[in-house]
Structures are given as structure tokens and as C-alpha cells.
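No lab work stands behind these numbers, since they all come straight from the coordinates. Source: prediction; values computed, not measured. Backbone-built Cβ (ideal geometry, glycine too); neighbour counts: all protein chains shown.
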Amino acid sequence: MQHLTLEERERLAYISGDTRTADTLGEILDQQEQIELLEEELETAQKDSLGEWERKHGPADEYRKFFHDCFQRLAEHYPCPEVTSDYDKAVIFSAIERGEGTAE
């Protein structure tokens with residue numbers, strides 16, 4: 001019985017009249033199928049998320065270079081800006097909203 005698949009075990013249980021075991025094995029098979037579907041969806045999403053974003057917004061590497069250049073330039077005027085700092089982001093956004101450094 002160890003070498004039988006779940007499907008075979010389920011059929012054997014129905015044949016032998018053990019419907020309780022057969023139903024349980026059927027539920028396990030259904031859950032395994034759901035897991036496989038979810039794993040496929042996750043794999044597809046992981047593969048394509050950057051591609052989808054780039055189709056909508058353009059090359060991600062160009063955005064990376066742009067923001068790197070922005071922070072490099074900002075470092076010349078503002079001590080040690082950090083991309084992960086909420087405070088630094090607030091300073092930058094505030095300067096943008098005030099229009100600092102814009103040519104009129």
C-alpha cells in the first residue's frame with residue numbers, strides 16, 4: 001500500500017467500502033491541486049512582476065540611475081541622504097513642493 005498514489009488509495013478505499021477514508025483522501029487530493037495552482041500563480045507573478053511594471057513605466061534600470069543621480073546630487077547640498085529614510089524623503093518632497101531650485 002506504501003507504493004500506491006493517493007488517487008489509487010482513494011479508489012481502493014471506495015472499492016473496499018471505506019468511504020470515510022476515500023473522502024479524506026479526495027479532500028487531500030483537492031488541496032494538493034489547489035496548492036499546485038497557487039504555486040503556479042505565484043511563480044508567474046514573480047517572473048513577470050518586473051516585466052509588467054516596465055511595460056507600463058519603462059526600463060526600471062533607468063529609474064534606478066535617475067534616482068541614484070538625484071541622491072548623488074542631493075548629497076552635495078544635504079548631508080547623507082538615505083533612500084530608506086522617511087525624514088529625508090519628506091525633506092526632498094517638501095523642497096519639490098516649494099519649488100526650490102527651479103528656474104523661473
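Some notes on this structure:
- Subset of the stretch 32-61 (residues that are among the charged types (D, E, K, R) and more than 30 Å from Thr5 (Cβ to Cβ)): Asp48, Glu52, Glu54, Arg55, Lys56, Asp61
For (1) surrounded by 10 or more Cβ atoms within 10 Å (Cβ to Cβ); (2) of a type in the set (Asp, Glu), each residue gets a yes or a no:
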{"position": "Ala13", "(1), (2)": "yes, no"}
{"position": "Thr19", "(1), (2)": "yes, no"}
{"position": "Asp23", "(1), (2)": "yes, yes"}
{"position": "Gly26", "(1), (2)": "yes, no"}
{"position": "Asp30", "(1), (2)": "yes, yes"}
{"position": "Glu43", "(1), (2)": "yes, yes"}
{"position": "Gln46", "(1), (2)": "no, no"}
